[in-house]
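The values are calculated or read from the model by the stated rules, or taken from the named source; none is laboratory data. In this text the structure is predicted, and so the values were computed from the model without any measurement. Virtual Cβ from ideal backbone geometry, glycine too; neighbours counted across all protein chains shown. The accessibility values were calculated without ligands, DNA or RNA, using every heavy atom of the protein model including side chains. Shrake-Rupley method; radii C 1.70, N 1.55, O 1.52, S 1.80 Å.
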Amino acid sequence: MKIVKKISEINQIVSDLKKKEKEINLVPTMGNIHEGHLSLLSEAEKFKGVNIVSIFVNPAQFNDVDDFNNYPNTFIEDVEILSKKKCDIIFAPNKNEIFLEDIKTKKTVFEYRNILCDLFRLGHFDGVTTIVKILLDLIRPSNVFFGEKDFQQLKIIEQLINQNNSKTFLIKCPSIRDSNGMSLSSRYSVFSQDQRIKFEQYAKIINSNLLILKKNFNKKAIDNIENELRNFGISKIDYIEVRNEKDLSLSKIHERSRLFIALYLDEIRVIDNFVLY
Ligand code: PAF
């Protein structure tokens, strides 16, 4: 496994691979590699070609400087984990390298905006699409792998790829969940013991109401989740909404819909979504 930090080096590697007509599979990450990322890499293994995992904690997608500063940086552990998997190259540029030409964060995707996380994390998705576009342009992968955990991100990236007429296929991968039914996230690696216990309780509240919602759309069950979470001590809930998974419009049926949740456990943002059919 090779670790590449320089853009000039990745350019050379990609151009050599292209000359040899090798396919490239890209798994973009911000590091703190967990089973969720590894499931994306396992999916990549099903395709032929060279597997590249990018690790870059992208400052442009953090709307809160503390959130950026607290984001877990575990590069040495990540290299150790990935070296045991079928990762051929880690592309881990530093900030100056990536923003070398002073590329400004731009709003380029206008679909799926002004709802869900876009309302609460101003500029976040512009930061995401800016870095993903840079990675896609540099690495020119045949396939790029994204998880359904960040469902709105997935839809926005799909739109980004479509509007750029890119030859890259977007491979959508289901969330990998903990035994409590919640999707894995790098943010949870900093939970204290107390926060872990609270998180288990929140998961129970969500899961018990999910069972009701899965049978039928039921506004009461959605209100129940919010009330029970608030009674349990959660003070900041960004949204609890049921939306159609095709166009992310609000939905009143359980078919083709997902429950979307974003809330805070102390200062840690928890987001997840659950299929209701
Ligand atoms: O989902 C993530 O980890 C990030 O948003 C991504 C896609 C790697 C862009 O920085």
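For this structure, a couple of remarks:
- Among the listed pairs K204/K236; K2/K104; K6/K155; K106/K149, those whose Cα-Cα separation exceeds 26 Å are K2/K104; K6/K155.
- Shape call, the range 139-247: gyration tensor on alpha carbons, a/c limit 1.5: prolate
- Estimated distance in nm for a label pair at N73 and E97, the labels positioned 7 Å out from Cα along Cα-to-Cβ: 1.4
- With Cα atoms, 0 to 90° folded angle of helix 124-139 axis to the chain main axis: 30
- Cβ charges +1 (Lys, Arg) and -1 (Asp, Glu), total dipole of the chain, debye: 780
- Over the range 85-207, the reciprocal of the mean inverse Cα-Cα separation, the Kirkwood hydrodynamic radius, stands at 16.8 Å.
- Ratio of Rg to Rh for the range 4-123: 0.99 [Cα atoms; Kirkwood radius as inverse mean 1/r over pairs].
- Gyration tensor verdict on the range 1-47 (Cα atoms; rounded if a/c is under 1.5, prolate if a/b is larger than b/c, oblate otherwise): oblate
- Phi-derived couplings, Karplus 6.51 cos²θ - 1.76 cosθ + 1.60 at θ = phi - 60°, listed residue by residue for the range 16-25: 5, 5, 5, 4, 7, 6, 7, 7, 10, 10 Hz, with x used for Gly and Pro.
- Each peptide in 121-127, 53-59, 210-216 receives the mean, over its residues, of other Cβ atoms within 10 Å, and ordering these scores from highest gives 53-59, 121-127, 210-216.
- Distant-in-sequence amide H partners of C173 (H built 1.01 Å from N, under 5 Å): F146, G147, E148
- In percent, rounded to a whole number, the relative contact order of the chain is 17, using alpha-carbon pairs under 8 Å and six or more apart.
- Sulfur and carbon atoms: percent of accessible area, the chain [1.4 Å]: 50
- Put simply, the convex hull of the Cα atoms in the range 210-249 casts, on average, a shadow of 3.3 nm².
- The base-10 log of I(q)/I(0) for the range 68-147, evaluated at q = 0.14, 0.25, 0.26 Å⁻¹, reads -0.67, -1.34, -1.34 [Debye formula, identical scatterers on Cα atoms, solvent excluded].
- GluC sites (Glu not before Pro) within the range 226-277: DSSP coil, no more than 15 neighbouring Cβ in 10 Å: E255, E267
- For the range 103-118 versus the range 173-192, the gap between their alpha-carbon centres in whole angstrom: 25
- At an R0 of 35 angstrom, the distance between the Cβ atoms of S166 and N231 translates into a FRET efficiency of 0.15.
- Antiparallel beta bridges, as assigned by DSSP with both residues in the chain, represent about 45 percent of the total such bridges.
- For the range 149-272, relative contact order (Cα pairs under 8 Å, six or more residues apart, normalised by length) works out to 20 percent.
- Under 5 Å, built H, 5+ apart or other chain: amide partners of I24: V50, S142, N143
- Taken over the chain, the alpha-carbon convex hull comes to 131 cubic angstrom per residue.
- FRET efficiency for D266 and N207, using Cβ-Cβ distance with R0 set to 30 Å, rounded to 0.05: 0.90
- Extension gain, K2 back to S15 (0.36 nm per residue minus Cα-Cα distance, nm): 3.1 nm
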